[in-house]
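To keep things clear, I will list the structure first and then write my remarks on it.
The values are calculated or read from the model by the stated rules, or taken from the named source; none is laboratory data. As the structure is a computational prediction, the values presented were derived from the model and not from experiment. All Cβ positions, glycine included, derive from the backbone under ideal geometry; neighbour counts span all protein chains shown. Each accessible area value is taken on the protein alone, full model and side chains, heavy atoms only, with ligands, DNA and RNA left out. Shrake-Rupley method; radii C 1.70, N 1.55, O 1.52, S 1.80 Å.
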Amino acid sequence: MNRISRQVAFLTGHPLTKDRPMSAIGRFLAWQVRSRLNTDNEFHWIGGSKLLVRRGMTGATGNIYCGLHEFVDMAFLLHFLRPSDLFGDVGANIGSYTVLASAACGAQSVAIEPDPGTANSLRNNIALNKLETKVRVAETAVGERQGSIRFTVGLDTMNKVSNEGNDETSRLVPLTTLDRVFEESSPIMLKLDVEGFEGPVLRGAAQLLANKSLLAVQSESRDADVLALLRSHGF
């Protein structure tokens with residue numbers, strides 16, 4: 001019941017649907033039917049962009065119901081980026097932010113996603129939008145060192161770095177730093193969605209954070225150490 005209550009609250013309270021909540025609820029109900037009839041569903045999105053979405057992709061389905069799943073962050077991106085810009089999507093998942101950046105805004109993107117299955121869905125959305133010349137995919141985790149690290153499987157947008165050694169719930173993936181990913185060019189904007197791993201990610205990005213061309217960093221974390229690190233670089 002709590003899950004249903006949270007879903008109804010999201011649909012009826014979202015900034016883009018609170019004035020017409022029944023439309024969002026209608027799209028939600030239509031998706032429940034459509035996603036059971038077809039595995040992959042092509043969703044026509046903003047500015048002629050598209051997403052391939054399947055049942056269980058919780059972040060992507062919010063875009064179907066309400067237009068922009070994460071309204072504030074996505075709206076900021078849409079207003080901020082220009083075609084000459086480079087965008088860094090850290091924890092890209094299936095590519096919602098990358099598609100907005102490169103299909104809707106026309107910017108170049110580097111999409112970083114460590115989970116192999118999710119990275120495949122990311123590449124499918126890049127191909128669907130014909131963005132192969134605009135987007136580089138880095139199939140790796142990022143942190144404060146190079147090597148490998150365990151990463152959960154099967155948790156959709158909640159996949160994250162894992163301290164567990166259970167092969168059934170996690171796998172080893174490559175690990176590098178943001179400074180290495182962006183050693184040849186610096187983005188103007190970074191989006192971080194790394195489920196609590198922001199500290200190590202940013203500690204591996206000292207050169208990038210010091211680069212004056214990086215103007216914006218979006219992060220889910222409000223951890224004091226993360227905020228202090230960003231403020232130390234002038235953010």
Check your understanding: Based on the Kirkwood radius over alpha-carbon pairs, what value in µm²/s does the Stokes-Einstein equation return for the translational diffusion coefficient of region 20-90 at 20 °C and 1.002 mPa s?
Key -> 158
**Study point:** Ratio of the Cα radius of gyration of region 45-184 to 2.2 N^0.38 Å, where N counts its residues
**Key:** 1.04
Check your understanding: For Ile64, what is the net charge nearby, where nearby means another residue's Cβ is under 13 Å from its Cβ and Lys, Arg count +1, Asp, Glu -1?
Key -> +4
Review point. With the contact rule set at Cα under 8 Å and sequence spacing of 6 or more, what percent relative contact order holds for the chain?
Key: 14
Check your understanding: For region 51-141, what is the accessible area per residue in Å² when the probe is 1.4 Å?
Key -> 35
Review point. Mind checking which lysines have their C-alpha under 29 Å from Lys50, skipping anything on the same chain fewer than 8 residues away?
Key: Lys18, Lys130, Lys134, Lys160, Lys191
Exercise for review: Would you work out what percent of the accessible area of the chain, with all protein chains in place, is carbon or sulfur (probe 1.4 Å)?
Suggested key: 52
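When the expected Rg is taken as 2.2 N^0.38 Å, what fraction or multiple of it is the alpha-carbon Rg of region 161-235?
In units of the globular-protein estimate, region 161-235 measures up at 1.21.
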Revision key, fill the gap. Total charge of the residues flanking Leu51 in space, meaning their Cβ is under 12 Å from its Cβ, with Lys and Arg +1 and Asp and Glu -1, is 0
Exercise for review: Bin width 10 Å, alpha-carbon pairs only: give the P(r) of the chain as whole percents, running from 0 to the bin holding the largest distance.
Suggested key: 8, 31, 36, 21, 4, 0
Study note, to complete from the structure: Rounded to one decimal in nm, the spacing of the 7 Å Cα→Cβ label points at Val72 and Arg231 is 1.8
Review point. At 222 nm, what helix-only mean residue ellipticity would the chain give, in deg cm²/dmol to the nearest 500, using -39500 (n - 2.57) for each DSSP H run of four or more?
Key: -10500 deg cm²/dmol
Review point. Can you give me the Cα centroid spacing of region 78-155 and region 220-235 in angstrom?
Key: 23
Point to revise | Candidates Asn120, Asn38, Asn129, ranked by Gaussian network fluctuation over the chain, Cα under 10 Å, top entry | key: Asn38
**Study point:** Cβ charges +1 (Lys, Arg) and -1 (Asp, Glu), total dipole of region 24-115, debye
**Key:** 440
Study note, to complete from the structure: With a ≥ b ≥ c from the Cα gyration tensor eigenvalues, square-rooted, and the rule rounded for a/c under 1.5, otherwise prolate when a/b > b/c and oblate otherwise, region 5-124 is oblate
Review point. Where Lys and Arg each count +1 and Asp and Glu each count -1, what net charge lies around Phe10 among other residues with Cβ under 13 Å from its Cβ?
Key: +3
**Study point:** Using θ = phi - 60° and Karplus 6.51 cos²θ - 1.76 cosθ + 1.60, couplings along region 26-41 (whole Hz; Gly, Pro as x)
**Key:** x, 5, 4, 5, 4, 5, 4, 6, 4, 6, 8, 8, 10, 5, 9, 10
Practice item. Could you compute the FRET efficiency for Gln146 and Phe43, with r as their C-beta to C-beta distance and R0 at 45 Å, rounded to 0.05? Key: 0.75
Review point. Most fluctuating residue of Val53, Val142, Val217 in a GNM of the chain with Cα springs under 10 Å: which is it?
Key: Val217
